[in-house]
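Peer 1: Right, I'll just put the structure down here and ask away after.
The values are calculated or read from the model by the stated rules, or taken from the named source; none is laboratory data. Because the structure is predicted, anything quoted here is derived from the model rather than measured. Don't worry about glycine lacking a Cβ; one is built from the backbone with ideal geometry, like all the others, and counts go over all protein chains shown. Each accessible area value is taken on the protein alone, full model and side chains, heavy atoms only, with ligands, DNA and RNA left out. Shrake-Rupley method; radii C 1.70, N 1.55, O 1.52, S 1.80 Å.
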Amino acid sequence: MRIMLLVLLAFCLCFAEEGLRLDDAIQKVKEHNSEIVIAKFDERIKMLEHQAALGANYGSLELSQAALRSNDALNIFGYKLQSREATFSDFGFKQLDISNPNYNATPSDLNNPKDRNHFQTKIEYTLPLYTGGKIEQYGKITQALHAMSTLDREALILQKIYELKKSFFAISLLDAHLYTLHMIASNTAKLEAKTAAMMEEGYVKKVDLLEVQSKQADVERLIHQAEANRALLYAFVSFLVDEPVTQISRNDEEAPTLISSDANILSDNLEIKKAEQGVEISKMGIALQQSAFLPQVGAFANYGSSDDKLLNDFSKNDAYTVGLQVKWNLFNGGSDNNNLEKARVENLKASQQLVLAKKQIALHVKQIQTQIQNDEYEIKSLKKEVELSHLIYENYAGRYEQKLVSINDVLMKQSEELTKVLRLKEVQNARNEKIFELQKLASKEVQ
């Protein structure tokens, strides 16, 4: 009967509709996973920030249009000068009596002018010529931050692939585990039928039948738990790939071991690369703070026209101004010195964090490798124990039919078999997780 079940299962697997393959699922995660999509947006934002920082090298061009009305004497006089309309009467010369040396009249034309509109159109271009390296360092820092965001996205992709692989192999293990549990349930059902028949003939008591039924209920409970866990794993896979998944292509129960040297793992590890990037950014921070001690040189040029009417006779009233400006901060209470010292300390901190990251990752790799080796030895031993425990159970079941052992002895052997099966699946799952974690540390997407 067991051989027939195995043949039937193999037939169903061969002709069943092929489910989602792991490599296809990985591609779907890269393209559709919501967290990765958000990380791509963050990466794009950092790129735009870098481009915005580079734009400072080209200066700025501004167009302004002012519309004013005033009766302020100083404003009116200035407006007329800008419009090239000032006359001697605006200075009060019309009221000046040069024949009287003691004449001291107040010029009303100058002090109490009439209201006047003033429209000024101006375009101005400013260009930083030298900033002590400040703009250059801002560009380098934003570029490095963009590179850091790329590493963050790649690390997130590896994390999601790690979670996906764990789920795929856990589902495959659960399928194999469910098959084993169904086989045990089938054997228990046979044992229950035999016990019921023997009870009718008076060879066993009702308590023996109840013990078998209790064991069957326990096995069915384990089946229900495994099926619920499998449904939860399918829901998680659906979340990762952002589409409903009800069936996957079966994988091996045990993932292949990663073949990579420790040196390659450390050189490819994204956390170490991020720490290295942090050191470079801190060096740029020092150069940025040093720019505060250097002069700032800029050029500007503007061109415009002013009149009491909007855009009236533009070329007649136009004017231009060009110039250079040098600013050099000589003292600000020691803030620049403190900021520079802070940048140097941050560089020392980042360098130490890089050293620590390398040591931690190297130690973590050794721990995982040791755990994988221990799991492989235990799996090899457990497979033999499972095979032996099943043979012992079948032997006791046969001896029970011959009334050579009690039903309690048979159930104990079945419990031992079930315990070994459960332990084997646990260790296989733990080994798979460690292998996938090692692949993540090595920045590998191998299947």
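Peer 1: Residue by residue, what Karplus-based ³J(HN,Hα) values in Hz, rounded to whole numbers, does segment 321-331 have, using 6.51, -1.76 and 1.60 with θ = phi - 60° and x for Gly and Pro?
Peer 2: These are the phi-based 3J(HN,Hα) values: 9, 10, x, 10, 9, 10, 10, 9, 7, 8, 7 Hz.
Peer 1: Helix 407-441: angle to the longest alpha-carbon principal axis of the chain, degrees 0 to 90, nearest 10?
Peer 2: Taking Cα atoms only, the helix is inclined about 30 degrees.
Peer 1: In degrees from 0 to 90, rounded to the nearest 10, what is the angle of the helix 73-82 Cα long axis to the longest principal axis of the chain?
Peer 2: With both axes taken from Cα atoms, the answer is about 90 degrees.
Peer 1: Still on this model: Once both axes come from the Cα atoms, what is the angle between helix 270-290 and the longest principal axis of the chain, in degrees from 0 to 90, rounded to 10?
Peer 2: 20
Peer 1: May I pose another question? Counting only helical runs of four or more DSSP H residues, what would the 222 nm mean residue ellipticity of the chain come to if each run contributes -39,500 (n - 2.57) and the total is spread over all its residues?
Peer 2: Result for the chain, helices only: -23500 deg cm²/dmol.
Peer 1: What span do the alpha-carbon atoms of the chain cover on each of the three principal axes, reported in whole Å from largest to smallest?
Peer 2: For the chain, the Cα extents along the three principal axes come out at 154, 44, 38 Å.
Peer 1: Now, a different point. What ranking do 67-73, 124-130, 325-331 get when scored by the average of other Cβ atoms within 10 Å per residue, highest first?
Peer 2: Output ranking for 67-73, 124-130, 325-331: 124-130, 67-73, 325-331.
Peer 1: Rank Val219, Val345, Val322 by mean-square fluctuation in a GNM of the chain with C-alpha springs under 10 angstrom and give only the top-ranked residue.
Peer 2: For the chain, modelled as a Gaussian network with Cα springs under 10 Å, the answer is Val322.
Peer 1: Would you kindly calculate the translational diffusion coefficient of segment 332-447, applying Stokes-Einstein with the Kirkwood radius from alpha carbon pairs, for 20 °C and a viscosity of 1.002 mPa s, and quote it in µm² s⁻¹ without decimals?
Peer 2: After rounding, the answer is 112 µm²/s.
Peer 1: Could you derive backbone 3J(HN,Hα) for segment 220-229 from the dihedral phi with the Karplus parameters 6.51, -1.76 and 1.60 (θ = phi - 60°), listing whole Hz in sequence and x where the residue is Gly or Pro?
Peer 2: These are the phi-based 3J(HN,Hα) values: 5, 4, 5, 5, 4, 5, 5, 5, 5, 5 Hz.
Peer 1: With a 1.4 Å probe and every protein chain left in place, work out the accessible area per residue of segment 344-417 in Å², rounded to a whole number.
Peer 2: Here the per-residue accessible area is 63 Å².
Peer 1: Also, I was wondering about something else. List the residues whose amide H sits under 5 Å from the amide H of Leu20, counting only those 5 or more places along or on another chain, with H placed 1.01 Å from N in the peptide plane.
Peer 2: Placed amide hydrogens put Gln247, Ile248, Ser249 under 5 Å from Leu20.
Peer 1: Next up: What does the charge count around Thr321 come to, taking other residues whose C-beta lies under 12 Å from its C-beta (Lys +1, Arg +1, Asp -1, Glu -1)?
Peer 2: Local charge sum for Thr321: -1.
Peer 1: Quick one: which of 157-170, 225-238 comes out on top by average Cβ neighbours within 10 Å, and what's the full order, highest first?
Peer 2: Peptide ranking by packing, descending: 157-170, 225-238.
Peer 1: Could you work out how far the C-alpha centroid of segment 412-428 sits from that of segment 202-248, in angstrom?
Peer 2: Centre-to-centre (Cα) distance: 15 Å.
Peer 1: Under 8 Å for C-alpha pairs, at least 6 residues apart: give me the relative contact order for the chain, rounded to a whole percent.
Peer 2: It rounds to 23 percent for the chain.
Peer 1: Of Lys140/Lys366; Lys358/Lys383; Lys40/Lys165; Lys342/Lys440; Lys30/Lys134; Lys166/Lys383, which sit over 31 Å apart, Cα to Cα?
Peer 2: With Cα atoms farther than 31 Å apart: Lys140/Lys366; Lys358/Lys383; Lys342/Lys440; Lys30/Lys134.
Peer 1: Here is a further query. Write down the accessible area per residue of segment 223-263 in Å², having rolled a 1.4 Å probe over the full set of protein chains.
Peer 2: 61
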